[in-house]
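Colleague: First, the structure itself, so that you have it in front of you.
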Amino acid sequence: MSNSFGYLDIILLAMIAGFIVLRLRHILGRKTGHEEKIYSNFNENKFEKFKEEINKRQNKQTTDFDPKQKKEFLKGAEIAYETIVTSFSKGDKSSLRTLSTKSMSDNFNSAIEERNSKKIKSELTFVGIKSSTIEKFEKTAVALFFTVKFVSEIISVKKDKENNIIEGDPNKIKTVIDHWKFTKKITSSSPNWYLAEIKNS
């Protein structure tokens, strides 16, 4: 009797197992040979190389200005340079705010306020720009940056409250070399660039 019960148990388990296999095949389906192939050779290193290539192409698209685009960019940068230099001398905070980033605008405002508190008058004659060249390109996750070298000529004089000259010479043209960094957001559709940093040399 015990042996017959053992055989019945085995047969019953085999039937249950068969039923489960049939159900799974019905639910999951069978392999037909038309399934999409999965390629295991696209490893992490190849994916990193792929990303690097995409980044190179994006940078190339951004930095490879044709001569006309480069000329137009530098022309706009020169106009911004002259406007900012003369506006700072006049204490025109509004113009400075429209042409520079907030942090740079705040720096201009602080310098103008300090100059006014000491009752110092700044007089500047912008003679012209001798040259302008793009020196460096930088890119972050959110913004683009171009550093431009300007060589300009100005006549600059500072006077005290009694109108006495305390700095500069009204009869002398001074050559100034500046390195200005302009920026714009990657997502911006505006063609405008803004002054983000100044480095004198």
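Colleague: Taking amide H positions as placed in the peptide plane 1.01 Å from N, state which residues far from A143 in sequence (5 or more) or on other chains have amide H under 5 Å from it.
Modeller: I186
Colleague: Say each of K75 and K149 gets a label point 7 Å from the Cα, pointing the same way as Cα to Cβ; how far apart are those two points in nm?
Modeller: Taking the two extended label points, one gets 2.4 nm.
Colleague: Considering only DSSP states other than H, G, I, E and B, which trypsin sites (Lys or Arg not before Pro) in the stretch 133-175 qualify as loop sites with at most 15 other Cβ atoms within 10 Å?
Modeller: Sites meeting the loop and neighbour criteria: K161, K172.
Colleague: How far apart, in nm, are the 7 Å Cα→Cβ label points at K90 and D160?
Modeller: Simple spin-label model gives 2.8 nm for this pair.
Colleague: What is the dipole size for the stretch 48-200, taken about its Cα centre, with +1 at each Lys and Arg Cβ and -1 at each Asp and Glu Cβ, in debye to the nearest 20?
Modeller: It works out to roughly 240 debye.
Colleague: Can I ask one more? Dipole of the stretch 48-200 (Lys/Arg Cβ +1, Asp/Glu Cβ -1, origin at the Cα centre): which of S190, W180, N107 lies farthest to the positive side?
Modeller: S190
Here, each number is a calculation from the coordinates, and none is a lab measurement. Quick caveat: nothing in here was measured; it's all calculated off a predicted structure. Glycine gets a Cβ as well: all are built from the backbone with ideal geometry, and neighbour counts include every protein chain shown.
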